[in-house]
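Computed from the coordinates by the stated procedures, all read-outs in this text should not be read as laboratory data. From a predicted model like this one, the values you see are computed outputs, not experimental measurements. For neighbour counting, all protein chains shown are included, and Cβ atoms are generated from backbone atoms with ideal geometry for every residue, glycine included.
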Amino acid sequence: MDTDLLVRDYLARLDAAAASLPVHRRAELSAEMRDHIEAALTEAGRSDEVTVRNILERLGSPEEIVAGEPQSTPSPSAAVASGSKWGGLEIASLLLIGLAWPALFLPFGLFLWLGMGVAGVVLTWASGRWSTRRKLITTVVVVALYGALFVVTYPAYRTEGPAGSPIVTSY
């Protein structure tokens with residue numbers, strides 16, 4: 001049997017057994033076991049099937065290894081904090097996007113409106129709590145609203161036609 005396959009199978013069983021552990025601890029545990037196996041193989045000086053099986057047996061079964069791990073349960077306040085979809089970055093993002101619209105009525109409001117909208121979208125994408133789907137929806141809505149406002153108001157800002165000729169608009 002291929003020795004790499006034995007090691008991969010062992011690590012896959014370890015990952016499956018460690019499913020109840022936090023993601024970061026699972027990754028650490030897998031890396032630790034991989035390092036132990038590599039060190040033991042280097043120390044043994046060979047990597048035949050018998051040597052690999054002996055090393056894996058000395059480590060113990062993946063279930064035994066995971067059973068020796070402390071099973072931490074987060075406090076209720078930590079669970080609420082980690083499960084929340086609203087942090088300072090997310091609130092700032094929505095405030096910038098929401099307050100950009102009233103900024104249109106201020107002097108230089110067009111520039112303020114555009115800057116706040118762009119900053120809000122950038123903060124949305126910087127959020128580590130929101131999913132990519134939520135970020136995409138927010139971006140599409142903001143761009144669509146900004147585009148619609150531009151299309152509606154563009155004729156009002158345009159005062160000259162091609163080559164400086166005045167625009168004649170009849171309603």
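The loop-placed trypsin sites (Lys or Arg not before Pro) in the stretch 111-146, going by DSSP, that have at most 14 neighbouring Cβ atoms within 10 Å of their Cβ come out as Arg129. The length gained by stretching the chain between Ser20 and Ala67 to full extension, at 0.36 nm per residue less their Cα-Cα distance, is 15.9 nm.
Each of Ile97, Ile91, Ile65 was scored by other Cβ atoms within 10 Å of its Cβ. Arranged with the fewest first, they read Ile91, Ile65, Ile97.
This ranking places Val121, Val143 by how few other beta-carbon atoms lie within 10 Å of each, fewest first, which gives Val143, Val121.
By other beta-carbon atoms within 10 Å, ranking His36, His24 with the fewest at the front produces His24, His36. Loop-located GluC sites (Glu not before Pro) in the stretch 1-61 (DSSP state other than H, G, I, E, B) with a sparse environment of at most 14 neighbouring Cβ atoms within 10 Å are absent. Legend: P(r) of the stretch 3-67 from all alpha carbon pair distances, 5 Å bins from 0, whole percents, reading 3, 18, 31, 24, 14, 7, 3, 0.
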